[in-house]
Structure formats: C-alpha cells, structure tokens
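Derivation of every value follows stated rules applied to the coordinates shown; laboratory data play no part. Please read all numbers here as calculations on a predicted model, not as lab measurements. Glycine gets a Cβ as well: all are built from the backbone with ideal geometry, and neighbour counts include every protein chain shown.
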Amino acid sequence: MKRVGANTIASELRRGMSQGNLMPGDRLPPERVLADQFMVARGTVRSAIRQLEEEGLVETRAGSGTYVAGKPKDMTNEVISNASPLELIDARFALEPHMCRLAVLNAKTSDFDRLDELLVQMDAAENDPVRFSELDTEWHSYLAQTTGNHLLIWIVSQINSVRNQEQWKLMRHLTLNANTIKTYNTQHREIVNAIRAREPERAARLMKEHLEAARLSLTRSVAT
C-alpha cells in the first residue's frame, strides 16, 4: 500500500460513515489497528481522528475508545448531495486563494515537506486519473490544514465531500488526462514555491489561475 496521510485516513473513515459501514455509536478500530491497516505511524492516525472530532463526526471517551457520533444525514446532506462540480469550483474560488495567504503566515517546514511529498506522488500518478484525484483532494485539504484555521479546515472538508458524488466522478473521467494532470502538477508546485517564498499575493494569484484552468476544463466537458 502506498503511504497515506491523515487526510486520506480521515476521508476513508468519513466514507465508511456516509455509506453506513460505520454507524452512530460504533466504536472505531483501535489506533494500532488503523495504523497497521494504513501502514502509518499512530501519530498520523491520531491526526486523522482529531480532524473527525473537530467536524463532530466522532467522540473519544477516556478509557473506552473513539465512537461515531452524529447521524449519517449530517455527513451527506442535501446541499452536498446536489452540488455540481462547477459549484464545487466556484466555492473553492471563494476560499483557496486566501488559504494561500494564511499558509504563507502559518505553514511550517514539516508542512512543506508533506506538500512536496504529495507533489511527488501526484507526478507519479500522471497516467492514473483516479489516483491523481485522490492525491489532489489530499493536497488541497492539507493546504487548508497549514492555515491553522479550524473553521476553514472544516468548511474545506465539507466542500471536498462533493468529490465523492457521482457527478464529480463522471467529470473526473471526462477532464483528467496526462496533459491536464501534468499542467495541474506544475501549477501546484508553483503555488507551493510561492508560499515557501512567503509571497502571499503571488501564491493567491497562482491558486486563482489554477482554479480557472480547472473551471475551464469542466465547462468545456459540460458543453460537449
């Protein structure tokens, strides 16, 4: 299994809840079991569980374990279920350029290490649209993590839930090819370099250009 991060583990657990494999009141597997399952350190599992706690999806009971909280309908509500890929892009326009500005202020060396690691994996997925899409979601989610803004992190996690919808999966197959993925990877790397150089407005502009490219690709696919 390829190495995964906390965002991917959180997404997998979230998917299990939305599909009914993990029901309210169910106890999550122990950290050591999840660490073995995903082939990661237990600290990575803890980070994933913290994300779910911040979203109100799980609760940890001292001496007992971590349990699913809430209701399935809270995770896949009507807005998310009916959101189109274009709505997803437009919502990201409102958030992600400013995420870059906050990342300039708050991102640490370890954050850049993780973003770079994901970029390497994304380069390797040039001919695998499904894998690239998973890594792309994780990269943008991790960028949100670097802001240190928990409300923003939660909002981005809700927006990214749209990527699990059938409309998005269809668009992924229509829009992602090796050339497009190569272009996106170049744009991602330029964004990281601008954040690392502590250039907030350049990073925000590059993110806007990246999202404009993604939106143009979607509108062309819808038109055909």
Quick one: work out Rg over Rh on the C-alpha atoms of the chain, Rh as Kirkwood radius.
-> 0.96
List the extent of the Cα atoms of region 6-74 along each of their three principal axes, largest first, rounded to whole Å.
-> 31, 26, 19
Computed from the beta carbon distance with a Förster radius of 22 Å, FRET efficiency for ALA41 and TYR67 to the nearest 0.05 stands at 0.45
How many nm is it between the label spots at ALA213 and THR183, if each spot is 7 Å from the Cα in line with the beta carbon?
-> 0.7
Calculated from backbone phi, Karplus (6.51, -1.76, 1.60) coupling profile of region 95-103 in Hz, x at Gly/Pro | 10, 6, x, 6, 4, 4, 4, 5, 5
So what is the relative contact order for region 77-223, in percent, with contacts set as C-alpha pairs under 8 Å and at least six apart?
-> 40
